Each structure stands twice: as structure tokens, then as C-alpha cells.
Amino acid sequence: MSSSSIPFNFAEWPPSLSPEQQTTLIQKATTRALATGLLYLPPGYPLESPPPQAAIHAPLSLFPAPFSRESFEFAQEIQSLYNVLYSHIAMDTEFLDEIMGAEKGVGRVDDFIGELWKGWKVLRDSNSVPQPLHLGLFRSDYLYHLPPEGEAFLKQVEFNTISVSFGCLSQRIAELHRQAPTLPLHLMLSTSYFNSSPHLKLENLPKNDTIAGLAKGIAAGHAAYVSNGGSPSSKILFVVQAGERNVFDQRWLEYELLEKHSIHSIRQTFEELITSSSVDTSSSSLKITPTDSPNESIEISVVYYRAGYMPHEYPSQEYYSTRFKLESSRAIKCPTIPLQLAGGKKIQEVLGRKGLVERFLPGVPQSQVDRLRKTFMDMWGLDEDSRGAVGDVTSTSTTDSASPSPSAPPPTSSESFGTQRARAEHATLVLKPQREGGGNNVYKSDIPAFLDGLPAHEREAWIAMRLIEVPQGLGGWLIRAGSLDYGGSSDKSRAERAVKAEVVSELGIFGWALFGAGKVQGEEEVGWLVRTKGKDSNEGGVATGFSVLDSVLLV
Ligand code: ADP
Ligand code: MG
Ligand code: MG
């Protein structure tokens, strides 16, 4: 697998450095992070604040993470298929109604999903969806599955269709690990790492041009809007969260749109949009009146959500109404409500059933469909009576472990088969609700007690997923900013800046798609992300402090 003649030894990663070398390398890395905008706003950054005066470097990995070259290239290759697959799912209203809707699907028991679906349904029924195009900025996340028996392969953790983050910062960390992307090859990159590993060569550290790629997707949406009669001076609306610390990841995209595409952006929170936004009754154009320019009315070409995926972001009906107001405009939404719903974990589970992928990828050769399916992990719904018994779309699963486990107790009237199976096999499972943003899953030994407390009708909102068996014994150096925070208070738990730990790395592949009226107009695979976390942490969110940004070392 290695391009190098020297075999890669996972047990010897990360390379060893003397304490002095380590200090130098950390200094180089964090200085470069600060110099190149690999940044967060500091913890405690005041909400009601003057413009920021300081930033901290994002948590980062000192060395890139070894990753199978073959798997990495495979994930890049199938991204286009995933872009097309999710585009077709988002265009299949009937399917989304059945799986996610508030009359027949998950929306009956999950209030957040139900509210989004109901708002969308009202708009559809009143002919208030004037924009046929949807824009998706996607990230398909994977872990490397290395079971004691059976084939090692890349498995999909989830497919994200709203507010995918770290595209820009992942480019910056890849540049950081490459150290000097323009160095002539004979100036060995390894020298920058004190010759600590012969594998640290440019050819093993792929380029990552995510910023340009994601901006190109947004620019394609803008161009489609303008060519359909929208104002050429219309702007991109970034819908953002109040108190967001991961702002630089968003700003790099804004700068790229302006500098490379001459497109301006504005940023607004949902709260601001309640009063600042309006939809023109005759043209359906979305107009924003910013607080700093009350006489202006800015036409919006693309609504780009970096918010709106968690229930608490909609504290009252006004917030939902604002979301539906934006949805009813002819601005292109990234994503639309159906595309957000398509990213639900329930959809991912249902896709595992026989014939479903084929339904959304008509005309795609079976060999290609099979390649995509190889990334699926076994999943099922907690409400299932028997394998594949939910809804009309189902039939039997094609995954290996689809047949009832011999350890599962026989079904009783009080508990669905899906729940009993999750109970019996809990040691190898994670349970997931229809949520995004980390921190929502239930793992292994926590599962039985959780199931005891889960009301029967809520089972429909949860899926069980087989745990991906990640490689063991791989180490890494995780570096975070210290205790200095904006308000000068110190948090002792963050005092340890550099931690050597056994780690697991999650790969994300970015893509975009512009689609509507049954057709995909454009799509591309545009870059990648690696997040590395300590082995003892179940969740993988960088923003919540569990993991660091990383890049790949192809082996
Ligand atoms: P979210 O949308 O909240 O990010 P994910 O499905 O990505 O939810 O789950 C969060 C984290 O949980 C992942 O980043 C990964 O670390 C872990 N995880 C999720 N599914 C699995 C799985 N099947 N096997 C192992 N780890 C998983
Ligand atoms: Mg995730
Ligand atoms: Mg997610």
C-alpha cells in the first residue's frame, strides 16, 4: 500500500522527538496557525462585544495522521456519487414525506424534524416554493474499519447536508503539515520534522484546496440565481449563530467569494433575520435591511446556513417562521429544508435497505452502486418489528449482519424487534437520534439503561448503528491553546497544551451539488478534512473540544 519502499509501522507513530525538538515543532506549528488564520475566537469571547481583539489557534495535531492511500483515494472518487445520491433524495418529496414527515415518518415523534417538515409542507401546498434549485455543501465522514476478522475498509459515519464546517481550516492545517508547499523536492520535508520519519514527504501529503472548491459551489448557486433574472449585485447571506467561535472557518469562504468571484456576503443571525428579512410579494426576492444601513435593501442570491440545525436555535415559533420565510423566497437555499431532512440519520439507515440506492441513482452502473454500498455500516431502526418492516420503501437488507442475531431474545409485544436487538447487541453499537452537531449519541454499555427510559413511541426517532472497529494502538500529539482566554480567566482543565494520546482519526470528504427539477446541474468533490480525537472520547466534534484538526499522511 505504501508508495515508499520503507514499510509503515503504525506502532512507531508519532515519531519520537527530544523535548527540545518537540518544543520547537509546537512553536512552529502554533505560530504558523496564528499567522495563517487557523483560528478560533477565544473562549469567553463576549457576545455583546466590540470587534474581536484576539484569537487563539485552533486545536491541532502536531503530525499528520497516517491513512491508507487506497482508502483516501476511494473516498474522493465516490464523493460525486454521494453528491448525486443526496441530490436525488432531496428531490424525492414522496420519499421524504414517508421517512421524515410529521404524518407518516420520524416527524411524528421528533418535534424538531416535525416542525421543519410541516413548515415545508405548508409552503408546498400553497405553491410557495418559487425556487426549484437547491444548493448542497456536503461532507461525507468516514472511519477506517479494521475488524479482527473480515475485510478492512472505509466505513461511512454519516453524511452531512447542513452547515458543514472546517472546510477552510482543514486546508490551513494541511498547508501547515506540508510546512513549505513550494519547496523544491530535494529539500526533504522530513528535515522540517527533524528527520524524524522518512514518510514525511510531500508526495504523501496531498494538497487540499477546499476553500476554492466550496466557494465555487456557492458561486455556482449565485450565478444560477443571476442568470434566472436575479440582480447581479445580489449578495450571499451567511446565516450564523450568535456567539460562534469558529468564525474564521466561515470568513475565509467570505473572502474567497469576494476576491475570486467578486461576490459580496452579509452575516445575520436568526434573531436579526426576524426583523431584517422580507420577501417581495411580486418577485419573491429575499431582501435584507441591515442594522448598519437601515435605508438599504439587499437582494440575496444564496442563503448559506451555518446555523439552524439544532432545536435550541428555534426558541420560539418566530424563529421557525423566519426559516420558512427564507424558504419561501426565490433565493437559492444551501440547504433547502428537504435537503436538510435528507441528511437525517434515519435516511442513512433506510438507504441500507435493498434497492434504495439504486432508486436514487438511476442509470448508474451496478458496479458503482456496489462500491458506494461498501462504505455502509449495518444500521436499523429501534422501531422495526422485523428487519426492514418499516414503510413501503423497504425490503430485506443486503448487509452481512442483517439476519436476526442468534443472541437476540424473541420479540415480545411490549418491545419492538429493533429495540430488543439493540439491547442484545449493545456492546457493539451506537444509538443515534436525528440530530447534528455532536454529543447526542448513546454508546455501548449506556444503551440498555437508555432503552429502559425511552418511551416506546420515540423509538422511531432513533437508529442503531454497528460500531466501526477503528485501528488500535495509533498515537498522536494533540495541541490546544492554553488557558489564556479573552476575559483573562484561566481554566485549569485546559492548562495541558500538548497531550500525547492513543487516537482515532475521522476523514471527511467535501462536495457540492446544485440541483432541481429532477436534474443535477453541477457537482464536484472539493477537498477533505481530518479530525483526530483521543481514543477515550466517543464523540468527534472539534468545536466542543473533544478533538483536533489534522491532515492525512498517505501510507
Ligand atoms: P453528528 O451529526 O452529531 O456529528 P455522528 O454520526 O457524526 O453525529 O456521530 C458523532 C461521532 O460519534 C462521530 O464523529 C464518531 O466519532 C462517533 N461515531 C458515530 N458513529 C460511529 C460508528 N458507527 N462507529 C464508531 N464511532 C462512531
Ligand atoms: Mg459527525
Ligand atoms: Mg452530522
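Remark: the range 295-301, residue by residue, has Karplus-estimated 3J(HN,Hα) of 8, 9, 10, 9, 7, 9, 8 Hz, where x stands for each Gly or Pro and the curve is 6.51 cos²θ - 1.76 cosθ + 1.60 at θ = phi - 60°.
Pull up the cross-link candidates among the lysines for residue 28, meaning alpha carbon to alpha carbon under 21 Å and not fewer than 8 places away within one chain. By straight Cα distance, residue 28 reaches 201, 207, 500. Extension gain for residue 103 to residue 73 (0.36 nm times residue separation, less C-alpha to C-alpha distance): 6.7 nm. Placing R0 at 22 angstrom, the Cβ-Cβ distance between residue 519 and residue 358 gives a FRET efficiency of 0.75 after rounding to 0.05. Using a cutoff of 8 angstrom between alpha carbon atoms and counting only pairs six or more residues apart, the relative contact order for the chain works out to 25 percent.
Convex hull volume of the C-alpha atoms in the range 1-127, normalised per residue: 269 Å³.
Computed FRET efficiency, Cβ-Cβ of residue 280 and residue 124, R0 22 Å: what is it to the nearest 0.05? That gives a FRET efficiency of 0.60.
From a point 7 Å beyond the Cα of residue 271 in the direction of its Cβ, which residues of the range 224-265 have a backbone N at a distance under 20 Å? Flagged as within label range: 238-248. Sorting 277, 551, 18 from the fewest to the most surrounding beta carbons within 10 angstrom yields 18, 277, 551. Using the Cα coordinates of the range 290-332, the gyration tensor eigenvalues translate into equivalent-ellipsoid semi-axes of 21, 14, 10 Å, sorted from longest to shortest. Computed on the range 180-321, with alpha-carbon pairs under 8 angstrom and 6+ residues apart, the relative contact order is 24 percent. Taking 0.36 nm per residue of separation and subtracting the Cα-Cα distance, full extension of the segment from residue 321 to residue 445 would add 40.6 nm.
A Stokes-Einstein calculation at 10 °C with viscosity 1.306 mPa s, built on the Kirkwood radius of the range 209-292 over Cα pairs, returns a diffusion coefficient of 114 µm²/s. Inter-part distance, the range 287-326 to the range 25-75, computed on C-alpha centroids, equals 29 Å.
Residue order for 192, 547, 416, fewest other beta carbons within 10 angstrom first, comes to 192, 416, 547. Here's the list of lysines a cross-link from residue 287 could span, going by alpha-carbon distance under 16 Å and ignoring same-chain residues fewer than 8 apart: 235, 325, 333. Of all DSSP bridge pairs formed entirely within the chain, close to 75 percent run antiparallel.
Calculation over all alpha carbon pairs of the chain in 10 angstrom steps from 0 returns a P(r) of 3, 17, 27, 27, 18, 7, 1, 0 percent.
Along the range 51-57 the Karplus relation, 6.51 cos²θ - 1.76 cosθ + 1.60 evaluated at θ = phi - 60°, assigns HN-Hα couplings of x, x, 10, 8, 9, 10, 5 Hz to successive residues, with x for each Gly and Pro.
A straight Cα-to-Cα reach below 13 Å connects residue 155 with the aspartates and glutamates 141, 378, 469, 506, residues fewer than 8 places away in its own chain not being considered.
Arranged from fewest to most other beta-carbon atoms within 10 Å of their beta carbon, 328, 278, 505 become 278, 328, 505.
Taken together, the values in this text are just the output of simple stated rules run on the coordinates, not laboratory data. These numbers were taken from a predicted model, which means no experiment stands behind them. We place every Cβ from the backbone using ideal geometry, glycine too, and count neighbours over all the protein chains shown.
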